[in-house]
Amino acid sequence: MAEREFSGEFGERVKVSTENVKCPGCGANMVFNADLQTLYCPHCGSRKELGETSTAQEKDIMEGLSADSVWKAEETTVFRCDNCGAKVVLSKGETAKTCPFCGTAHVEKTEELAGLKPDAVLPFAFGQDKAVEFSKTWAKKRFFAPRKFKKNLNAENVNGVYTPCFTFDSRTYSTYVGRIGTTHTRTVGSGNNRRTETYVVWRNISGTFSDFFDDLAIAAGDKCGQKELDKLSPYDTNSSKEYKEQYLLGFMAYHYDRELSDCWDTAKKRIDAILKRKILAQYSYDKVDYLNVSTTHQDVKYKYVMLPVYVGNYTFSSKLYNFFVNGTTGKTYGKYPKSKLKIGLLTLLGIAAAAVLAYFLFV
C-alpha cells in the first residue's frame, strides 16, 4: 500500500491509502501507458504486460437493476470537486491533484461508495501528449477562438478521464398504426378563375416491425453527457475489454451521475424515435398525421463501460470552457471562447461589403 496526497476543502493535504502495482525494477508505482498499451514505470522505464485480457460480456438488465455488483470501499475512493461538483473515482494508480473539469485544487474525499462496478473498459489508445496535439489542431480550426486560447493549450489543460456509459442490446417487436399523406397539386377553375390548388391524399398504415439494437450507448455522466458522447462517437464498445483496475493506473474514472434504470429509460426513448424513423422509411409520404408505435423489448442486455476521454479545461475572461477528446480516435468537441475583436472586425467587413454592393446596384 502507498499513501498519496490530495488537496482538501481548505487547502490542507489529505492522505489517502491506495494499492499500486510496483515496478519490478525500482519499486516505484507503475501506470498504464496508452501509447505502449502496457504498464510502465515513469522512473526507470520498465514495462510490464497486462496479462490475459478478454472481451467484455453483456449482462441481463435485471441483474444490473438489482445493483448487487459494487465497487468495494477498499478498492476505490470517491472524491468530489468543491468547485464544480464533479465526482471522480480513484483506484490503484496515480491521479491528478486537480479536478479535470474545472482545474481547481479543491478536491475533497467523501464517504460515498462508488456504486456499480464497471463491467468493461475501452482503454486509452494514445497518451496525453498526442491528446494535446489533437486539442491544438481542433483549436486552430476555430476561427473565432482568441489567439491566446490556441497558443496556451498544454498538458496542464488536458487530463485522461474514464467517463461512464451504459450500452444496451435489445431485440424489439413493434406494432404500429398511423396516418400519412402525400401532397399533390391540381388545376381548377377556368378563365380568370383558373388556379393551382394543393391538396393532401391521406392513407392509413399499420403493421409490425422487428429490429435489433446492438450496444446503444447512453452517457451516465453529466459533465460529459449525451450531447458530448454523440459528438465524440463512434466508440467501438463491442471491442471493450473486461474491466481491470490496471487500466485506470495513471488516469481517473468519472463517477456516474445517472443510475442504470434512468439510462435504460433514455435508451428506450431513443429506440422509440429510431423505430418510428425506420417504420416511416418503408413508405412514400411528405406529411405525418400521427404514428402510434407499441414496442416490447426482449433479451435486453447491458454493459457498464468506462470510455476513454481526455478532458480539457480552459478559463478565459473568468469563464470556464470544457472540450473533450475521444481517447481512441482523437475526435475533438467542445466549447471555446470567442474573440470579440474578431467578431467585431467580421461584422464591420460584412457591413462594408453590403455597402459596396448597394452602391453598385443603385448608383
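What follows is calculated from the coordinates using simple rules that are stated; it is not laboratory data. Quick caveat: nothing in here was measured; it's all calculated off a predicted structure. Cβ sites come from the backbone with ideal geometry, for glycine too, and all protein chains shown count toward neighbours.
From the cross-link list Lys301/Lys331; Lys151/Lys227; Lys223/Lys303; Lys276/Lys335; Lys227/Lys331, which pairs have alpha carbons spaced over 23 Å apart?
Beyond 23 Å: Lys301/Lys331; Lys151/Lys227; Lys276/Lys335.
Calculate the spin-label point distance for Lys140 paired with Asp262, positioning each point 7 Å from the Cα along the beta-carbon direction, and give it in nanometres.
Calculated label separation equals 4.0 nm.
Quick one: which of 125-136, 320-331 comes out on top by average Cβ neighbours within 10 Å, and what's the full order, highest first?
Packing order, densest peptide first, comes out as 320-331, 125-136.
Mind pulling up the Rg/Rh value for segment 210-339? Radius of gyration and Kirkwood radius, both on Cα.
Reported Rg/Rh, Kirkwood definition of Rh: 1.04.
Using the structure shown, select from Lys87/Lys148; Lys136/Lys269; Lys48/Lys150 the pairs with a Cα to Cα distance greater than 32 angstrom.
Beyond 32 Å: Lys136/Lys269; Lys48/Lys150.
What does the extension gain come out to for Lys278 and Glu52, with contour length at 0.36 nm per residue minus their alpha carbon separation?
Working it through step by step, the gained length comes to 77.3 nm.
By how many nm would the segment from Thr329 to Val188 lengthen if fully extended, with 0.36 nm per residue of separation less the alpha-carbon distance?
Length gained between Thr329 and Val188: 44.8 nm.
Mind giving me the nanometre distance, one decimal, between the label points for Tyr321 and Tyr199, set 7 Å out from Cα along Cα→Cβ?
5.7 nm
With the Cα gyration tensor of segment 205-252 in hand, give its eigenvalues times 5 under a square root as the equivalent ellipsoid semi-axes, listed largest first in whole angstrom.
The answer is 31, 16, 9 Å, longest axis first.
Output the peptides 239-250, 174-185 sorted from most to least packed, where packing is the average of other Cβ atoms within 10 Å over each peptide's residues.
Ranking, from highest mean packing down: 239-250, 174-185.
From the backbone phi of segment 287-304, what are the Karplus-calculated ³J(HN,Hα) couplings (6.51 cos²θ - 1.76 cosθ + 1.60, θ = phi - 60°) in whole Hz, Gly and Pro given as x?
Residue by residue, segment 287-304 yields 9, 10, 6, 6, 8, 9, 10, 10, 10, 10, 10, 10, 6, 6, 10, 8, 9, 9 Hz.
Rounded to the nearest 0.05, what FRET efficiency do Glu63 and Lys22 give with R0 = 51 Å and r taken as the Cβ-Cβ distance? Could you check?
0.90
For an R0 of 45 angstrom, estimate the FRET efficiency from the Cβ-Cβ distance between Glu242 and Asn154 and round to the nearest 0.05.
The pair Glu242/Asn154 has a calculated efficiency of 0.85.
Give, in nm to one decimal, the length gained when the segment between Cys84 and Thr38 is fully stretched (0.36 nm per residue of separation minus the Cα-Cα distance).
Length difference between fully extended and current span is 13.3 nm.
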